[in-house]
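These notes are about the structure you will find just below.
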Amino acid sequence: MDSTTLTGKRALVTGSVQGIGLEIAKALARSGAEVILHGLPDDAAHAAARMQLSDITEREALSLSSDLSDGSQTERMMNEAQTNGPIDILVNNAGIQFTAPFQEMPRQKWDAILAINLSAAFDTMRLALPGMMARGYGRVINIASVHGLVASIHKAPYVASKFGLVGLTRVVALEAAQAGTRDSGGVTANCICPGWTETSILEPQIAARAALFNGDRNAGIQDLLSEKQPSGRMSKPEEIGRLVVWLCDPAAHNLTGVAIPIDGGWTAQ
Ligand code: NAD
């Protein structure tokens, strides 16, 4: 795919001032898309992310702050994002995690995880899809998880949210399937389901596992990997960015309603 495949397309990536979201934003910008960054209010993080994007493109990126656990903030963010033009590519990436045995899981963690990982995607898709369908091109890419395909202990709300996101994405894929044409690229909705990927969301789990090995972080990481991810390798966030770009190509017009694992074989077992 050449570096201008997505020229003229506008993309919103939620939770994109760090981690997987930032690498997705950078990959889309490298392919010519105009990228709108988003994250929780944190001026320094937004400025640093904008700087990384400006190294790739001359354009000054818009970066929006909102708390996705609040539906009214999400609606405001979507209006702001679409003030200067429609969103062609929507990447629902923002997400949180909390681990605890099911019977000890705090009710407020359940509410927060479901709100951010699932309900926010309902809102952003609801507000972006009509425009995509009218124009005949649109891409919804939801960053789910292997935990949208298989369960693990101590992750009840996270697993529920990600299974929900996979199901919700399939419904949207079906309802948008007839929009557009092969030439326009159609409107597709898919999930990417990462396994262990090097970002800060894993730090509490790495720390807990390292504690079993006298605080040896690398031993903790290897133990986590050997339990679930047969390749024994973590993914890098930029690898997910490259798949996002590929899904945005108009040639992917018939690739819809799928949940693609990037998990070193985790869900093949
Ligand atoms: P991360 O913690 O680095 O990034 C999460 C992003 O979500 C951050 O930008 C954060 O600001 C944003 N966010 C969190 N709460 C928010 C809120 N209330 N409102 C707005 N934004 C909020 O983690 P990451 O690994 O980059 O995670 C990105 C996505 O990938 C998540 O959906 C996560 O579930 C998924 N994922 C990650 C892994 C992994 O191993 N890293 C594996 C599978 C799935």
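The values are calculated or read from the model by the stated rules, or taken from the named source; none is laboratory data. Everything numeric in this text was worked out from a predicted model, so none of it was measured. Here the Cβ is made from the backbone with ideal geometry for all residues, glycine too, and neighbour counts use every protein chain on show. Note: accessible area is taken over every heavy atom of the protein model, side chains too, but ligands, DNA and RNA are not part of it. Shrake-Rupley method; radii C 1.70, N 1.55, O 1.52, S 1.80 Å.
Here segment 124-150 is the region considered, the condition is being open to solvent by less than 10 Å² (accessible area, probe 1.4 Å) and assigned to a loop (DSSP other than H, G, I, E, B), and the residue that is nearest to the ligand (Cβ to nearest atom) is Ser145.
For segment 121-170, enumerate the residues that are basic (Lys, Arg) and farther than 26 Å from Thr197 by Cα. Reasoning before the result, please.
Start the filter on segment 121-170 by keeping residues that are basic (Lys, Arg), which leaves 126, 135, 139, 155, 162, 170.
Passing the criteria: Arg126, Arg135.
If you scan segment 235-251, which residues turn out to be open to solvent by less than 10 Å² (accessible area, probe 1.4 Å) and under 15 Å from Val187 (Cβ atoms)? Residues satisfying the conditions are Leu247, Cys248.
Within segment 230-253, how many residues are closer than 16 Å to Ile192 by Cα and of a type outside the set (Val, Ile, Thr)?
In the first step, residues of segment 230-253 are kept if they are closer than 16 Å to Ile192 by Cα; the result is 234-249, 252.
Filter once more, keeping what is of a type outside the set (Val, Ile, Thr): 234-239, 241-243, 246-249, 252.
Total meeting the criteria: 14.
Counting only helices (runs of 4 or more DSSP H) that fall entirely inside segment 189-263 and contain at least 1 residues that are in the same structural domain as Val91 (by TED's automatic domain parsing) and more than 23 Å from Ala151 (Cβ to Cβ), the qualifying elements are 237-248.
Here the condition is being in a helix (DSSP H, G or I), within 16 Å of the chain's Cα centre (by Cα), crowded, with 17+ Cβ neighbours inside 10 Å and touching a residue at least 12 places away in the same chain (Cβ under 8 Å); of Ser119, Ser69, it holds for Ser119 alone.
For the residues Gly265, Gly195, the requirement of being open to solvent by less than 30 Å² (accessible area, probe 1.4 Å) and over 23 Å from Ala121 (Cβ atoms) singles out Gly265.
Pull up segment 73-92, narrow it to residues that are within 13 Å of the ligand (Cβ to nearest atom) and open to solvent by 20 Å² or more (accessible area, probe 1.4 Å), then point me to the one that is farthest from Leu127 (Cα to Cα). Among those that are within 13 Å of the ligand (Cβ to nearest atom) and open to solvent by 20 Å² or more (accessible area, probe 1.4 Å), it is Gln73. Scanning segment 75-94 for residues that are touching a strand residue (DSSP E or B) at 6+ places or on another chain (Cβ under 7 Å) and in a loop (DSSP other than H, G, I, E, B) gives Gly85, Pro86, Ile87, Asp88, Asn93.
Inspect segment 103-114 for any residue being out of contact with any strand residue (DSSP E or B) (no Cβ under 8 Å at 6 or more places or on another chain) and either crowded, with 20+ Cβ neighbours inside 10 Å or not assigned by TED's automatic domain parsing to the domain that holds Gly241 (or both) and give the result as yes or no. Yes, there is a match, as at least one residue in segment 103-114 is out of contact with any strand residue (DSSP E or B) (no Cβ under 8 Å at 6 or more places or on another chain) and either crowded, with 20+ Cβ neighbours inside 10 Å or not assigned by TED's automatic domain parsing to the domain that holds Gly241 (or both).
Annotation: of all residues in segment 1-45 being out of contact with any strand residue (DSSP E or B) (no Cβ under 7 Å at 6 or more places or on another chain) and basic (Lys, Arg), the one that is farthest from the ligand (Cβ to nearest atom) is Arg30.
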